[in-house]
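Participant: Structure in C-alpha cells, see below.
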Amino acid sequence: MATRLRKKKSDYGSVYKGHPGQWSWIFHRVTGVAIILFLFAHVVDTAVIGWGPAAYNRVIAAYENPFVRLLELGLVAAVLYHSFNGIRIILVDFWPSGYKYQRQMYYIVLVASIVLTIGSAVFILAPIFGACPQRGYCSAVM
C-alpha cells in the first residue's frame, strides 16, 4: 500500500527565496516610492519661493547639512537603480530572449548603480569634508 507523504509548511520556504527577479521587484518598488517622496518634498521646497527670497534661502540652506547630503546621495542611488532596472524590465518584456538573461542583467544593474553612486558620492559628499570652497558646490574639476 502506497503512503502519501505530506509536506509540512516549513518545506515550502518563504515567499521570497532571494531570486534576483524577486529582489529587483522589491527594490524597484522601494526606490520608486522614495523618488516620489523626494518629488513631493522638492515641490514643497520650491514653492517656498512664494514667501520671498529670504524664506527660500533658509530652506535651501538645509541642503548644506551633512545628513541631507547623505539623503541626496540616497536619492541619486535610488534614481540610478530605478532607471537601470526599468531598462532591464523593458529588455525582459520586449526582447524575446530577455528572460534567459534576467539574472545577468540584474547583476549588471546592481554593479552599474553602485559604481555610478560611488562616483556621485565624490561630488555630493565633498563639501562635508571641506573639499569645495565655493558655497558647497563642486564642479567636475576639483
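What follows draws every value from the coordinates through simple rules; no lab data is involved. From a predicted model like this one, the values you see are computed outputs, not experimental measurements. All Cβ positions, glycine included, derive from the backbone under ideal geometry; neighbour counts span all protein chains shown.
Participant: Under the Karplus relation 6.51 cos²θ - 1.76 cosθ + 1.60, θ = phi - 60°, what is the ordered set of whole-Hz ³J(HN,Hα) values for the range 35-49, x standing for Gly and Pro?
Facilitator: Values, residue by residue: 5, 5, 4, 5, 4, 4, 4, 5, 4, 5, 6, 6, 5, 4, 4 Hz.
Participant: In nm, give the distance between the simple-model label positions of Glu72 and Phe94, each being 7 Å from the Cα along the Cα-to-Cβ direction.
Facilitator: Taking the simple label geometry, Glu72 and Phe94 are separated by 3.4 nm.
Participant: What FRET efficiency would be calculated for the residue pair Ala121, Ile36, taking the C-beta separation as r and a Förster radius of 35 Å, to the nearest 0.05? Spell out each step's value before the answer.
Facilitator: Details: r = 23 Å, r/R0 = 0.66.
In this case the efficiency is close to 0.95.
Participant: Let me ask something additional. Once label points are set 7 Å from the Cα along Cα→Cβ at both Ile108 and Val43, what is their separation, rounded to one decimal in nm?
Facilitator: With each label placed 7 Å out from Cα toward Cβ, I get 3.5 nm.
Participant: Right, something else. Compare the peptides 121-131, 36-46 by average per-residue count of other Cβ atoms within 10 angstrom and give them in order, highest first. The partial results should precede the final answer.
Facilitator: On the way: 121-131: 14.5, 36-46: 11.5.
Output ranking for 121-131, 36-46: 121-131, 36-46.
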